[in-house]
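**Student:** Okay, here's the structure, questions in a sec.
Only the coordinates and a few stated rules stand behind these numbers; no lab work does. None of these values were measured; they are calculated from a predicted model. Cβ: placed from backbone, ideal geometry, glycine included. Neighbour counts: every protein chain shown.
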Amino acid sequence: MTSRVSGIVLLFAVVTMTAVAQTPEVRTRWFQTQEDSVLVEYALPAGAPVRPAVMVLSDRFGPQENVRAALKVLATLGYRAYAPPLRSAPLQAISGMPAAAVDSLDAVLLTEIAVDIMNDSGCTGSIGLLGFDMGANVAIEALRRFPFFRSAALFYPAGGINTLTGLLKADAVLQLHVAQFDPECTISDVNRLRERFMEAHRKLHVFYYKDAHRFFFNPQHAQYHRKNTQSAWSRLNEYFRRTL
């Protein structure tokens, strides 16, 4: 599947929800962190109004066309959308399920960039996270350490219940998206997490996707599931409008 087709497929759900005259443009901007300067891809709503922001954290295959397509969708929906590069998700060929691990520096880098975004005159000061796979794991680490993220929608974090329990320390409104057939984020583990949240008298919004495998949200992966991706975008649209 070509990059252009991948972007069009991922944008399909938004086109069905909103009348859009022009697709937002993905640009790049340098952010200064304590460690280094970081080049971040981003897309803004038409007319550059003051809006909340969403940071997109890629799966283990890195900043591919599916990430840029997600930025365009979010900008179309009215958010300032940013995709920082992650050490945990270097650019690599999209195939199978290669080994991956979280780099602890990513959570710090993410929050430093988030502070700059929140302080931008075009941002309302409200910011959320949209993380996939390794990006979701980085988001969990950032959420448990820093309180200023308003909401976080996470797709199939890796590492099972040991990773998922980190969400109990998060202050954000949480949404978890789970594939039916996923060895790294099983329905059993998620149900155990829900029990922990109920015991703590906290809410955790969970969506299960029938017949879906890991990476079902990535149009360039063999496990992509178009119908489930469209359903997920509909839920994300409602969720971010409610929480940001």
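**Student:** Among L167, Y224, G78, whose Cα lies farthest out toward the positive end of the dipole of the chain, if unit charges sit on the beta carbon of Lys, Arg (+1) and Asp, Glu (-1)?
**Tutor:** Of L167, Y224, G78, it is G78.
**Student:** Could you please tell me the mean projected area of the C-alpha convex hull for region 25-162, averaged over all directions and given in square nanometres to one decimal? Don't skip to the answer; put the middle values down first.
**Tutor:** On the way: hull surface 31.9 nm².
Answer in nm², one decimal: 8.0.
**Student:** While we're looking at this one, here's another question. Give the aspartates and glutamates whose C-alpha is closer than 12 Å to that of K227, dropping any in the same chain fewer than 8 places away, or say none.
**Tutor:** Within the straight-line limit of under 12 Å, K227 reaches these aspartates and glutamates: D211.
**Student:** Collect residues whose amide H, placed 1.01 Å from N in the peptide plane, falls under 5 Å from the amide H of L57; neighbours closer than 5 in sequence don't count.
**Tutor:** Hits under the 5 Å cutoff: L130, G131, F132.
**Student:** What longest range of the chain stays clear of loop-exposed GluC sites (Glu not before Pro) (DSSP non-H/G/I/E/B, at most 15 other C-beta within 10 angstrom)?
**Tutor:** Numbers: sites that count: E25, E35.
Counting only loop sites that pass the neighbour cut-off, the longest clear stretch is 36-244.
**Student:** Shifting gears a bit: Can you tell me the order of 217-225, 131-139 when each peptide is scored by its average per-residue count of other Cβ atoms within 10 angstrom, highest first? Each step should come with its number before you reach the end.
**Tutor:** Numbers: 217-225: 21.0, 131-139: 28.3.
Peptide ranking by packing, descending: 131-139, 217-225.
**Student:** Explain nothing, just the number: relative contact order of region 90-244, from Cα pairs under 8 Å at least 6 residues apart, as a whole percent. The partial results should precede the final answer.
**Tutor:** Numbers: 245 pairs, mean separation 28.6, N = 155.
Relative contact order of region 90-244: 18 percent.
**Student:** A follow-up question, please. When we measure straight from the Cα of K203, which lysines land under 25 angstrom away, once same-chain ones fewer than 8 places off are left out?
**Tutor:** K169
**Student:** By a straight-distance test (C-alpha under 16 Å), which aspartates and glutamates pair with K72 as possible cross-link partners, with residues fewer than eight away in the same chain excluded?
**Tutor:** The qualifying aspartates and glutamates are E25, E41.
**Student:** How large is the convex hull of the Cα atoms of the chain per residue, expressed in Å³ as a whole number? Numbers along the way, then the final one.
**Tutor:** Working: hull volume 27.7 nm³, N = 244.
Cα-based convex hull of the chain, divided per residue, equals 113 Å³.
**Student:** Considering amide H positions built from the backbone, and no H for Pro or chain starts, which residues 5 or more places from L176, or on another chain, come under 5 Å of its amide H?
**Tutor:** When sequence neighbours closer than 5 places are left aside, the close amide H contacts are L154, H205, V206, F207.
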